[in-house]
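Please read through the structure below; I'll follow up with questions.
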Amino acid sequence: MFDRRLAYHFDWGLLILTIFLGCAGLITLHSAVSAGSGDAQKSLYIKQWIWFGAGIIVMVASFAADYKNLKRWAKPIYGFCVGLLVCVMLFGRYAGGSKRWLTFGPVSLQPSELMKIAVVIILAKYYSDNAKPEGMTLKDLIIPFILTLIPFGLIVKQPDLGTAMTVFLIAASVTLFVKIRWRTFLGLTGTALVLMAPVWLFALKEYQRQRILTFLDPDRDPLGAGYHIIQSKIAIGSGMMYGKGWMQGSQNALSFLPEHHTDFIFSVLAEEWGFVGSASLVVLFLILIIYGLNIAYGCKEPFGTILSVGVTGIIFWQSFINMGMVMGLMPVVGVPLPFISYGGSSVMSMMCCIGILMNVSMRRFMFE
Amino acid sequence: MSDDDEIKSSENDWYRQRLGGLMFCVMTAFAMLIIRLFHLQNVQGEEFRQRAEYNYIRIQSVDAPRGLIFDRNRKVLADNRPSLDLAIVLKDAKPVDETIGKLSEYANISLEELIAKVNANRGVPAYKSVLLKADINMDMLAAVEVHKFDLPGISVNISSRRQYPEKESMAHVIGYVGEVNSQELNEEREDEYEYRVGDYIGKIGIEKSQEEFLRGTRGGRQVEVDAKGRVVRVLKTVEGKPGHNVYLTIDDELQKKAESLISATTGAMVVLDYSNGEVLAMASNPSFDLNPFITGLSRDAWNKLISNPARPLENKAIQAEYPPASTYKIITAMAALEEGVANERTGVSCPGYYHFKDHTYRCWNKFGHGPVNVFSAMAQSCDVFFYHTGQKLGVDRIAKYAKAAGLGSRTGIELDHEGGGLIPTSEWKKRRMGVSWRAGETISVAIGQGYNLTTPLQMAMVTASIANGGIVYRPTIIKKIETAEGYVVHEAAPEEKGRLPISPKTLEIVRKGLKQVVNSPSGTAYKIRLAQIEICGKTGTAQIVSNPKDDDPKRKVAAHLRSHAWFVGYSSSEKYPIAVSVIVEHGEHGSDAAAPLVRNMIRYYYESEVGHQE
């Protein structure tokens, strides 16, 4: 089943980048959870190793078979993920004010993480089948719009504004990447802006409006999100040029940072490794993303190109939103930092993304 | 190369152009991140490093006062009092063991208790305040204040605690609050309000059912503290919002009267305003004091409450379900008249028993009532008359009228754990027990025995609908809800659940029968008639051991096997729109044990209304 030429074309560069990111993540996570007083926290470090182990299997599975098969499987995959989201709504575990997880014995799955990839695959299929040299019209965009709206709505309902926004941004990036007529683009943007006011005034309840306002402006919530951002900025800033050293972060140690092993893990890294460490991580992400786009560039057929762009888009938006948030540049949202934040679903879906990129990269030289 | 491939390759050229633009966007975005990092870590780095040295910004949460509960005349039923709470911030209290030792010595609090509290909060971040002891007394406060500088990280905070000035009165209705438990913490809420460990939440009664109105919105402060944890400056304040005040429809005076009337019994009384369905009084005896649930109920006291056979924690007015017994003849009479099975001239001769399929059903009067019609059958509560008509009606036609009157389902009053009762139908029995309805069972159902179950509130609602001309109002206990500033957010309005499906003529006949129960010399409740106001009503004696042959009055029946006594009644004057239902558990005869209580309540109501008018 495995062509020897494929092994020859295996993308070692991508693997090395992934290993670097994974190690940075595990080292930071070790520090983040050691600060916590509970043993439950410490076990997260071991669990993350297991997740990465499982992630490697997912990665291999994602590049083993030709990615072009994904085109055939796009609809079932999409349907399956939407089904999982519906299950979350019906039987999901309710924790911390939202319903995001499905629990199977000891393992909890966050289907919204998988949904991002499913959306990319189905949009890649649609656009590669329907792209026109003269550009897409409004009519052509109806189906992709519905395909995005279904998961978006289900995730907003959980409620998980951050992930819903990421799904939207990923879908929008893929759509803008394929050719759209200018008139269509302007028309859509205009309509969206006009529709905002009535939705805001009539469709949303007061607490929902409050939540969006806080989302956009954390200072509105000085006891919650606003406070977290202050503490996160103190953590990052106090790292200065060279950091306080591994396991030495005081912000982290005193639990001033909320969610320090998940959403705010970048602050832990920045506090302990300083500008040198944190800027390196940013650059590492940048290289990975450029690398992903380069794979898209090298691919000679539209499905592979769009797929690679979409998958790279997932990594881009998640890392950009997460790091921007902890630095106080972005709304406060629960988006994990790829490869670094603790979380099985996140690690799995990121390793799956890498697997897909490897897949496209390996087979770009193959012709049938 | 085919045409198709040509399109594809031209497409890919287009994509390659686009990729260049994409890379540019990505680089710009990441450049922003690096610039921001540089700014935070190098330009402002020194400042942040200092701020991190001892992190001096803390959050103090300020609980919002819970809304108050009043009766309809603004008498306070639940309010808040200040409580002094001793708290510790572990980060500031170093060395913790020494500080706690001193605290124990100065304030005279057992060291074990303090250590237990600290250990229980090991997982809490070190800069967060941990409650050591709630409700400390003045001596402890003085000791802590005097030794303030010797007790770093120890503070006394004022919080608000619930208290119930009426103690046992209306306990079931008001309910109590308690600390939120893990299940309540994780419950999904429509408004997505988040509770925190240590928050109070309504557990039963109005406290529970009106929780979303009563609880306020927590506020808090971002404060700057010094190295010892003392507040230097308040940076930001978020005002909490106090909870809404809830006014009940209950009239405290009528309530007290109802409670005193049933104080010697195990039972319940419900008083309704039949012109709108408002609950004027709802008493259930025995009751319990609400306050220990706030200050801490001892295990002993709790065990005593739950092992008491009279079930003091149960609100018998809405939670206990009893066979309605002869009060149910109101329903059977309506059904018979409306379905044409009987009219006002239909006569039955009562020999004291009724034969059906080699089984004998006894009338409560074993000597028989002789010839009876619908009026005298109601007045004298003749079972045989209703055996006849019930047999002709069949169970399903009786059930139709019972359900239309609101029986067999919850009334929808704003209290939780309400019982729905049970109105059997042939379909219900088939579904529930898998066997067909037997005609003989209809005979018991017709006189309110058998499978029938109702709550005192349901029977009061039925009585009220007869009294007001056929409108079944949903009983309500919330008069008004307003914000702390007095802005009304909800006001009770009469809500029709439906109307009795009977003609004015049928209603007139039923009313006349109920009038004769009290006002005809042969009526079962003739003793309770009043000169100043006309009472109509119906007695009921609910057998709990079904052995109709064994009704020898001279034989003493064990107390817990004696029948329950019912009476439902109303004043026929619409100037005094009051309907009352009473159950006295094991009170034996409705006419002796229950009817006088209703009479006394209606008289009290009448006299106080007349008194108010003068």
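The values are calculated or read from the model by the stated rules, or taken from the named source; none is laboratory data. Bear in mind the structure is a predicted one, so any value in this text is a computation, not a measurement. Positions of Cβ are generated from backbone atoms using ideal geometry, with glycine treated the same way; all protein chains shown enter the neighbour counts. Please note that ligands, DNA and RNA were not included when accessible areas were found on the heavy atoms of the full protein model with its side chains. Shrake-Rupley method; radii C 1.70, N 1.55, O 1.52, S 1.80 Å.
Can you check what the Kirkwood hydrodynamic radius comes to for the stretch A:101-222, Cα pairs only, in Å to one decimal?
16.4
Something else: Please list, in order along the stretch A:99-110, the HN-Hα scalar couplings obtained from phi with the Karplus expression 6.51 cos²θ - 1.76 cosθ + 1.60 (θ = phi - 60°), rounded to whole Hz, x for Gly and Pro.
Values, residue by residue: 10, 10, 10, 10, 9, 10, x, x, 9, 10, 10, 10 Hz.
A further question on this structure: In deg cm²/dmol, rounded to 500, what helix-only [θ] at 222 nm does chain A give when every DSSP H run of at least 4 residues adds -39500 (n - 2.57) and the total is split over its residues?
-24000 deg cm²/dmol
Still on this structure, I have one more. Find the accessible area per residue for the protein assembly as shown; the probe is 1.4 Å, ligands and nucleic acids are left out, and the unit is Å². Let's see the in-between values first.
Values: 43350 Å² over 982 residues.
I get 44 Å² per residue for this part.
Any idea what Rg and Dmax come out to for chain B if you just take the C-alpha atoms, in Å?
Using the Cα atoms of chain B, the pair Rg, Dmax is 33.9, 113 Å.
Give me the base-10 log of I(q)/I(0) for the protein assembly as shown at each q in 0.04, 0.07, 0.08, 0.09 Å⁻¹, Debye formula, one uniform scatterer per Cα, rounded to two decimals.
Debye curve over Cα of the protein assembly as shown, log10 I(q)/I(0) at q = 0.04, 0.07, 0.08, 0.09 Å⁻¹: -0.31, -0.80, -0.92, -1.01.
Need one value for B:23-32: mean number of C-beta atoms belonging to other chains within 10 Å of its residues' C-beta atoms.
Rounded to a whole number, the mean comes out at 5.
Follow-up question, since we're still on this one. Nearest 500 deg cm²/dmol is fine: what mean residue ellipticity at 222 nm does chain B get from its DSSP H runs of n ≥ 4 alone, each adding -39,500 (n - 2.57), divided by its residue count?
Working: 21 runs with 216 residues, N = 614.
Mean residue ellipticity, 222 nm, calculated: -10500 deg cm²/dmol.
In addition: Do you know which residues of the stretch A:89-109 lose at least 40 square angstrom of accessible area in the protein assembly compared with their chain on its own, with a 1.4 angstrom probe?
For the stretch A:89-109, once contacts with the other chains are taken into account, A:94 lose 40 Å² or more.
So if I take the alpha carbon set of the stretch A:285-368, get Rg, then get Rh from the Kirkwood formula, what is the Rg over Rh ratio? Numbers along the way, then the final one.
Details: Rg = 14.1 Å, Rh = 13.5 Å.
With Rh from the inverse mean 1/r over Cα pairs, Rg/Rh is 1.04.
Please name the residues of the stretch B:220-250 whose accessible area, counted over protein heavy atoms with a 1.4 angstrom probe, falls by no less than 50 Å² between the chain alone and the full protein assembly.
Correct list: B:222, B:236.
May I pose another question? What fraction of the Cα pairs in the stretch A:4-367, stated in percent, has a spacing above 26 angstrom?
Considering the stretch A:4-367, 52 percent of its Cα-Cα pairs are separated by more than 26 Å.
Okay, next question. Among A:312, B:155, B:67, flag the residue with its Cα farthest along the positive direction of the charge dipole of the protein assembly as shown, charges on Cβ as +1 for Lys/Arg and -1 for Asp/Glu.
Value computed over the given set: A:312.
Moving on. Magnitude of the Cβ-charge dipole of the stretch B:58-248, K/R +1 and D/E -1, about the Cα centre, nearest 20 debye? Before the final figure, lay out the partial values.
Details: 29 positive and 31 negative charges, 106 e Å.
In debye, rounded to 20, the stretch B:58-248 gives about 500.
A further question follows. In degrees between 0 and 90, to the nearest 10, how far off the longest principal axis of chain B does helix B:111-120 point, with axes built from Cα atoms?
Roughly 80 degrees between the two axes.
Could I ask something else about it? Counting each pair of different Cα atoms once, what's the Kirkwood radius of the stretch A:1-155 in Å, rounded to one decimal? Don't skip to the answer; put the middle values down first.
Working: mean 1/r = 0.0531 Å⁻¹.
It works out to 18.8 Å.
Now a separate question. Could you work out the per residue convex hull volume over the alpha carbons of the stretch B:58-248, in cubic angstrom?
Cα convex hull per residue, to the nearest whole number: 141 Å³.
Right, another one. List, by residue number, every residue in the stretch A:268-295 with a reduction of 30 Å² or greater in accessible area between the chain on its own and the complete protein assembly, 1.4 Å probe.
With the partner chains in place, the stretch A:268-295 has these residues losing at least 30 Å²: A:275, A:282, A:286, A:290, A:293.
Moving on to the next point. At residue B:362 and residue B:495, where each label point lies 7 Å from the Cα along Cα→Cβ, what is the point-to-point distance in nanometres?
The modelled label-to-label distance comes out at 4.5 nm.
Which log10 I(q)/I(0) values, to two decimals, does the stretch B:32-138 give at q = 0.12, 0.13, 0.23 Å⁻¹ under the Debye formula with one point per Cα?
Each listed q maps to, in turn, -0.68, -0.74, -1.24.
Another question about this same structure. Given contacts defined as C-alpha pairs under 8 Å and at least six residues apart, what's the relative contact order of chain B, whole-number percent?
13
Right, something else. Using θ = phi - 60° and the Karplus relation 6.51 cos²θ - 1.76 cosθ + 1.60, list the HN-Hα couplings for the stretch B:158-169 in order, rounded to whole Hz, with x at every Gly or Pro.
Along the stretch B:158-169, the couplings run 9, 10, 10, 10, 6, 9, 10, x, 8, 6, 7, 6 Hz.
Compute for chains A and B the buried accessible surface, both sides summed, probe 1.4 Å, and express it in Å² to the nearest 100.
Details: alone 17930 and 30910 Å², together 43350 Å².
About 5500 Å² of accessible surface is lost on pairing.
Which order, highest average first, do B:56-63, B:176-183, B:374-381, B:324-331 follow once you tally other Cβ atoms within 10 Å for each residue and take the mean per peptide?
B:324-331, B:374-381, B:56-63, B:176-183
For the stretch A:4-367, with all protein chains present and a 1.4 Å probe, just round the carbon and sulfur fraction of the accessible area to a whole percent.
71
Enumerate the amide H contacts of residue B:472 below 5 Å, restricted to partners 5 or more residues apart or on another chain; note that Pro and chain-start residues carry no placed amide H.
Under 5 Å from the amide H of residue B:472 lie the amide H atoms of B:497, B:498, B:499, B:500, each far enough along the sequence or on another chain.
If the stretch B:210-325 were replaced by its equivalent ellipsoid, with semi-axes equal to the square roots of 5 times the Cα gyration tensor eigenvalues, what would those be, largest first, whole Å? List each step's numbers first, then the result.
Numbers: eigenvalues 369, 96, 25 Å².
Each semi-axis is √(5λ); the values are 43, 22, 11 Å.
Quick check: at a probe of 1.4 Å, how many percent of the accessible area of the stretch B:58-248 sits on carbon and sulfur atoms?
49
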